[in-house]
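The next block holds one structure in the form of structure tokens; read it before the comments.
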Amino acid sequence: MSETLPSEAQPAPPTAAEPGRDDRNISGVPIRLDGVTKRYPGQDVPAVDDVTLEIAAGETVMFVGPSGCGKTTLLKMINRLIEPTGGRIHLGDEDVTDQDPDRLRRRIGYVIQAGGLFPHMTVATNIGLVPKMLKWDDARVAARVDELLDLVGLDPDQYRDRYPRELSGGQQQRVGVARALAADPPVLLMDEPFGAVDPITRQRLQDELIRIQEELGKTIVFVTHDFDEAVKLGDRIVVFDVGARVVQYDTPERILADPAEEYVADFVGAGATLKQLTLTRVGDVDLLQPTTATVGSDAAAAVAAAQAAGDDYVVVLDRRGRPISWPTLAELTRSPTIPDTVDERLPVVGMRSTLNDALDTMLAASQGGVVVTGRRESLAGVMAVETVMAAIQRTRSGAAG
Ligand SMILES: Nc1ncnc2c1ncn2[C@@H]1O[C@H](COP(=O)(O)OP(=O)(O)OP(=O)(O)O)[C@@H](O)[C@H]1O
């Protein structure tokens with residue numbers, strides 16, 4: 001066996017069978033890159049130099065590394081938007097290096113920044129492109145479009161006939177993900193998909209991707225500049241240096257705990273303690289259960305209930321149980337019933353958000369806590385900034401001991 005390994009050290013190929021992950025639904029296939037090289041015309045040194053890498057089925061693998069190190073070139077060789085100048089690429093058991101690129105791309109979803117949607121086509125037409133190319137009948141395409149809009153959290157009735165310009169950046173990105181998933185490809189390539197949206201929207205899109213991936217188990221290769229994003233989304237991270245040299249290929253936990261080289265330590269950054277917050281999900285910590293009141297109910301009763309519970313605010317829920325504001329008791333005494341005013345600045349995170357996301361959201365809203373939502377945006381609880389601080393304390397004392 002060992003004589004088949006290339007001379008320089010390559011990371012041990014991962015196996016899909018991680019402890020505790022066997023129950024996951026996997027629809028992806030493994031990707032194997034074998035000595036893959038790209039030399040652009042006129043370049044002295046290859047942009048990607050003899051890269052050997054194995055990506056396990058159903059894993060999300062994040063590509064990080066300095067600008068120009070070859071991440072995008074390597075990614076685009078997988079679906080042959082860029083032709084390799086050397087090496088072999090396998091999807092599952094199949095060598096696809098010489099396969100017709102159009103055929104190959106139907107098996108590989110591709111998501112780029114800002115969704116890459118066609119501006120003159122409706123959302124439905126954009127999503128249905130590949131199924132139409134595959135000659136699905138209209139009814140099947142329409143049903144698939146609605147199913148995918150649902151999957152990415154957009155109401156089909158509201159969004160299917162809109163044009164991309166009638167969507168927010170985050171919504172466009174969701175449609176981009178839906179389009180990439182349309183023909184149910186086993187592999188998804190994502191090139192800085194969330195780079196162009198604001199931090200809070202990015203955080204929600206990341207949470208959605210985690211949820212979708214839990215459901216579908218695709219093999220995802222994801223290029224990012226944001227190390228926190230890599231830690232949050234990745235089952236594994238590949239840290240590259242110039243020429244797409246693989247410096248470290250490991251789980252986020254192990255890269256944070258034990259960076260392979262000084263270069264990786266620098267890349268991980270001095271804020272490694274804070275980055276540990278990216279490893280903890282909001283759903284992993286104990287949430288506070290605040291006093292709640294539904295829109296239109298008696299305000300005095302809500303105030304009394306909050307006082308009895310020792311709360312100085314009430315979380316107001318709409319008729320579907322979704323939090324819309326968290327007025328103080330003083331604010332509530334001004335009206336006889338609970339108002340239906342939606343607080344646009346209400347800091348909200350999901351159960352899959354990280355403690356780092358929660359902290360960012362609190363800081364952005366200048367609030368000492370966040371409202372946490374669970375299924376169908378219903379209230380799951382409230383997290384106070386003290387919970388984040390306690391997690392930082394624990395990490396620090398863990399590191400010191
Ligand atoms: N079409 C091209 N022709 C010539 N050189 C190219 C071409 N595309 C990329 N390069 C060069 O190849 C190297 C790798 O580029 P690539 O875009 O893959 O890096 P990257 O790691 O994705 O960078 P970034 O993080 O800045 O997006 C760079 O030096 C770049 O200048």
Checklist entry - If you scan segment 28-57, which residues turn out to be within 16 Å of the ligand (Cβ to nearest atom) and part of a loop (DSSP other than H, G, I, E, B)? => result 39, 40, 41, 42, 43, 44, 45, 46, 47
Checklist entry - Which residue out of 298, 286, 266 is under 34 Å from the mean Cα position of the chain (by Cα) and in contact (Cβ under 8 Å) with a residue 12 or more places away in the chain? => result 286
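Yes or no, residue by residue, for (1) aromatic (Phe, Trp, Tyr); (2) more than 16 Å from the ligand (Cβ to nearest atom); (3) touching a strand residue (DSSP E or B) at 6+ places or on another chain (Cβ under 9 Å):
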| residue | (1), (2), (3) |
| --- | --- |
| 59 | no, yes, yes |
| 82 | no, no, yes |
| 101 | no, yes, no |
| 105 | no, yes, no |
| 126 | no, yes, no |
| 135 | no, yes, no |
| 145 | no, yes, no |
Checklist entry - Can you pull out the residues in segment 358-383 that are open to solvent by 10 Å² or more (accessible area, probe 1.4 Å) and under 16 Å from residue 327 (Cα atoms)? => result 365, 366, 367, 368, 379
Checklist entry - Is there a residue in segment 237-250 that is away from the ligand (no atom under 16 Å from the Cβ) and buried (at least 24 other Cβ atoms within 10 Å of the Cβ)? => result no
Checklist entry - So which residues in segment 290-321 are within 30 Å of residue 232 (Cβ to Cβ), open to solvent by 50 Å² or more (accessible area, probe 1.4 Å) and modelled with pLDDT under 95, if there are any at all? => result 320
Checklist outcome for this item: Per the filter on segment 137-158, residues of a type outside the set (A, V, I, L, M) and over 18 Å from residue 212 (Cα atoms) are 137, 138, 140, 157, 158
Checklist outcome for this item: For segment 93-132 the number of residues that are among the basic types (Lys, Arg) and either open to solvent by less than 60 Å² (accessible area, probe 1.4 Å) or in contact (Cβ under 8 Å) with a residue 60 or more places away in the chain (or both) is 2
Checklist entry - Quick check: is even one residue across segment 114-124 within 16 Å of the ligand (Cβ to nearest atom), closer than 30 Å to residue 198 by Cα and not in a loop (DSSP other than H, G, I, E, B)? => result yes
Checklist outcome for this item: Going through segment 1-46 in order, the residues found to be over 24 Å from the mean Cα position of the chain (by Cα), of a type in the set (Val, Ile, Thr) and at pLDDT below 85 are 4
Next on the checklist: Filter segment 322-357 down to the residues that are among the acidic types (Asp, Glu) and either open to solvent by 70 Å² or more (accessible area, probe 1.4 Å) or in contact with a Ser or Thr (Cβ under 6 Å, 6 or more places away or on another chain) (or both) and list them by number.
Outcome noted: 331, 340, 343, 344
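The values are calculated or read from the model by the stated rules, or taken from the named source; none is laboratory data. Source: prediction; values computed, not measured. Every residue, glycine as well, gets a Cβ built from its backbone with ideal geometry; the counts of neighbours run over all protein chains shown. The accessibility values were calculated without ligands, DNA or RNA, using every heavy atom of the protein model including side chains. Shrake-Rupley method; radii C 1.70, N 1.55, O 1.52, S 1.80 Å.
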